[in-house]
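The values are calculated or read from the model by the stated rules, or taken from the named source; none is laboratory data. Predicted model, so just to flag it, every value in this text is computed and none were measured. Note that we place each Cβ from the backbone using ideal geometry, even for glycine, and neighbour counts take in every protein chain shown.
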Amino acid sequence: MTELPGANKPRRNAATPGLVKRGLAVVVASALAGGGAIWAHANSPLPGQVASVPAAGSALLPGFADVAERVTPAVVNVKVTAERADHASLSAHGTSPKGMPLPEPFRRFFGERGQLAPHRVEGQGSGFLIDPSGYIVTNNHVIKGATEVAVVLNDESEYLARVVGRDDKTDLALLKIDAGTPLPYVELGDSSRARVGDWVLAVGNPFGLGGSVNAGIISARGRDIHSGPYDDYLQIDAAINRGNSGGPLFDTSGRVIGVNTAIYSPTGGNVGIGFAIPAETVRGIVADLREDGRVERGWLGIQIQAITPELAAGLGLDAAEGVLVADVMRDGPASRTDLQAGDVVLRVNGEPLRDYKDLPKVVASTKAGSTMTLEVAREGRLRRIEVTVGEMPGEEGVLARQGPSADGDQPRLGLYLAPLTPERRMQQGLSAAQQGVLVARVEPGSPAAKAGIKSGSLISMVGADPVDSPDQVVAAVRKAAKAQKQALILRVERNGRARFVAVPLAA
């Protein structure tokens, strides 16, 4: 049996000076919490006397045992396996949505267990059930690069999981397991009502030790750690360590108000500054992933920057508010309007923009095809510009889907597809004459993964028909599913070699 450091150290008795000091600290804390009433007590100790420690249950500090007992059955351990070549995907630091390192000393942790074999590594993170049918929320960086994802429940039972969908920009992912029986689950709460100073519980699997509960408070709201375009983290002082990533953050009523994601640490260990994705963000992203397997975001096609006091003075603005348009992208939705570089967007649909990051959040949450009204300041005059919101181009293209399954989901081949742009041709070393669709990513445990298809491959034919766009592949999948075919035949090219692969369509 492994002995934990300090496990057999003798306890100090009541006369030990260290305990006396701790006892005094508890009394002082209780006095502060009680408005100072303890100092008026007739039996308060005289100078030099030893203060008594409040009896168990009588202290004014809160207890979390009831909440912990209720919620921990819904918290799971997420185990991921990856090829050794993808070892960077299992590193402790994680990456930003564009693949750049997370700014030091900000870190995303999910715990690495080491090699299973010379070519494979395994890591561990956390997650939580949000539905009795087996839907599980975790961090995207926990499963990124994995070839296999497994989930261990609180009762030690283990299941292979499929990735329903993932979102790089918010670092969230949705998994699904089939346990054959209803599972314990927790509900997403209202993180917008959480206040600085509120008690919270972080539950997860630190260092692979198993379910652990850590208490703390909300230290700040709206933190931007430069990990993505939609940063809006809750800062907490509850301990988060390797293996905690993807675990839930609970309020004292037992509702999830965040997903534990990152820490600030110059040393790599917990220093009391952690970050959780708010439940309001989680709710919308998870709903999209569950319905479509991807997140559809609105897009204007502009580059923006914050208004500094110096810029505000130079632009003739009364205050450093609004968003400065730095550039209007060619062929983007905004390019078809009168919006120009140098304009200052002050309001969107009548709502003022207090922070420049408010604009991308509002646009991203707007459905493509909707009309958005911008109130713009230009050369001392206000203008109203209407723009039709487009869909944000995805770096990973379209997720190929199948027909509905018995449980109401739409199972998938597990392929994220992307068109062959000039940039992608250059990255893959493909000629301008090469036709096909690029496999940007393959979901671990999916039918495509089991058929041996790997990211970076090229799909040049579906059945006997050549394809050169993701939409053609999607249409072929739907047609085959409607015809109740058992498998789809794909011509897959990789490293100059081509072969036909049968990918099962059965759920």
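Descriptive notes on the structure:
- Among (1) part of a loop (DSSP other than H, G, I, E, B); (2) modelled with pLDDT under 85; (3) more than 23 Å from K176 (Cβ to Cβ) - the single one D471 does not satisfy: (1)
- Residue ID - farthest from L346 (Cα to Cα), chosen from residues in segment 268-312 that are without any contact (Cβ under 8 Å) to a residue 40 or more places away in the chain and buried (at least 19 other Cβ atoms within 10 Å of the Cβ): N270
- Index of the failed condition, T308 passing every other in (1) within 19 Å of the chain's Cα centre (by Cα); (2) modelled with pLDDT under 90; (3) of a type outside the set (G, A, S): (1)
- Odd one out for G496, checked against (1) under 29 Å from the mean Cα position of the chain (by Cα); (2) more than 24 Å from I143 (Cα to Cα); (3) modelled with pLDDT under 85: (1)
- Filter result (farther than 19 Å from G390 by Cα, crowded, with 17+ Cβ neighbours inside 10 Å and among the aliphatic types (A, V, I, L, M)) within segment 316-352: L317, V323, L324, V344, L346
- Looking only at segment 128-153, and only at residues there that are in a loop (DSSP other than H, G, I, E, B) and at pLDDT 90 or above, the one that is nearest to K79 (Cα to Cα): L153
- Residue ID - modelled with the highest pLDDT, chosen from residues in segment 346-391 that are within 18 Å of Q305 (Cβ to Cβ) and assigned to a loop (DSSP other than H, G, I, E, B): L353
- Answer from G445, G456, G452 - the residue that is assigned to a loop (DSSP other than H, G, I, E, B) and free of Cβ contacts under 8 Å to residues at least 40 places away in the same chain: G456
- Inspection of segment 96-110 identifies no residue that is modelled with pLDDT of 85 or more, outside any loop (DSSP other than H, G, I, E, B) and buried (at least 16 other Cβ atoms within 10 Å of the Cβ).
- Residue that is modelled with the lowest pLDDT, among those in segment 311-345 that are among the acidic types (D, E) and over 16 Å from E375 (Cα atoms): D331
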